[in-house]
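The values are calculated or read from the model by the stated rules, or taken from the named source; none is laboratory data. Since the model is a prediction, treat every value here as computed from it, not as a measurement. Neighbour counts are summed over all protein chains in view; Cβ atoms, including those assigned to glycine, are modelled from backbone coordinates with ideal geometry. To get the accessible areas, we keep the full protein, side chains included, count just its heavy atoms, and leave off ligands, DNA and RNA. Shrake-Rupley method; radii C 1.70, N 1.55, O 1.52, S 1.80 Å.
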Amino acid sequence: MNSNIPFLNASIAQALDYTAPILFAALGGVMSENAGVVNIALEGMMRFAAFFGVWGSFVSGNAWVGLLWGVGIGIVLGALHAYITVKWAGDQIISGVAINVMAMGMITYLLESIFKTTGYSPPVAYFGAPASKIHLAFLKDIPILGAFAELTILIWLALILVVVLHFVLYHTVLGLRIRAVGENPHAAETLGVNVFKIKWFAVISGSVLAAFGGLALSLGTLSSFTNSMAMGKGFIGLAAMIFGKWTPFGALGAILIFAGAQVLQLFMQGTATGFAKLIPLGFYLSLPYMLTIGALIGVVGKAVGPASDGVPYKKES
């Protein structure tokens, strides 16, 4: 057996671990923006959920309880964003920025108040523990597929949700209504669609998806919360959503490009020789962020989102 296969599989598995939180955030953006509501608060929502997930797991000693706490705060924040932007037609960017700023200040305060630290929480029960992973031993020695032999349930959930969300958006009445509201809410209303109800649903469900992104970090990859979470992953998710033209599979494809940079740097660390070994590690670590900037510069001007995305909706009298 090629001696590089286990290392290649391990590198891809780590890339999938990197992919999951960003993919959750991107899917949250896909859900919200297809209904015409911009949600740049994905980063803050991830941070809130990452903290509340660890807090719930710390209190209960159970990662599933922590997950419920994280989902709960995702619902609360989604409802707050919907209340401002849908109920009162407030500025969607300002609302998102406010939630992101609130996440920075409030979580730092809660971290100090609850765990008496400014850096990181104590370790808690999490889904990344060996006993909690989904084991598919028969894949272990197969090139590339071996990366899927031991993944957390949150990584599998992120991948499965790509298919589920695609089906919902493009093959169900609910999805048709969500996209209709995002394209032309006034026309949708004349056809009997409850525009406000659809927007509320899309914003809250998108926020819950973003919350799963934070949970994938604190209860999936790590077993604790660090004050530097989520380190821009919510914004990378937004860029991936735009790069993927507001579609679930498009977002997944974009994130796999970002994750490819992670695989590259991991693989280079283990196998690079000659000139490649002289390239600073920081270059590879910065690739996902450079790709994000490139996506924003090169694609945003060309990609066309839902026609009414970001436009506050007011019912015609």
Going by what's in this entry, would ALA272 be described as open to solvent by less than 40 Å² (accessible area, probe 1.4 Å) and modelled with pLDDT under 70? yes
Meets criteria (buried (at least 23 other Cβ atoms within 10 Å of the Cβ), in contact with a Lys or Arg (Cβ under 9 Å, 6 or more places away or on another chain), part of a helix (DSSP H, G or I) and modelled with pLDDT of 95 or more) for ALA49: no
Checked region 150-168 for anything open to solvent by less than 10 Å² (accessible area, probe 1.4 Å) and either farther than 15 Å from THR19 by Cβ or not in a helix (DSSP H, G or I) (or both); matches are LEU151, THR152
Could you tell me whether ALA210 is buried (at least 23 other Cβ atoms within 10 Å of the Cβ) and not aromatic (Phe, Trp, Tyr)? yes
Taking region 196-242 as the search range and keeping residues that are within 14 Å of the chain's Cα centre (by Cα) and of a type in the set (Phe, Trp, Tyr), which one is modelled with the lowest pLDDT? PHE235
When residues of region 176-206 are filtered for being assigned to a helix (DSSP H, G or I), open to solvent by less than 80 Å² (accessible area, probe 1.4 Å) and touching a residue at least 40 places away in the same chain (Cβ under 8 Å), how many remain? 17
What's the number of the condition GLY90 fails, among (1) touching a helix residue (DSSP H, G or I) at 6+ places or on another chain (Cβ under 9 Å); (2) in a helix (DSSP H, G or I); (3) of a type outside the set (Asp, Glu)? (2)
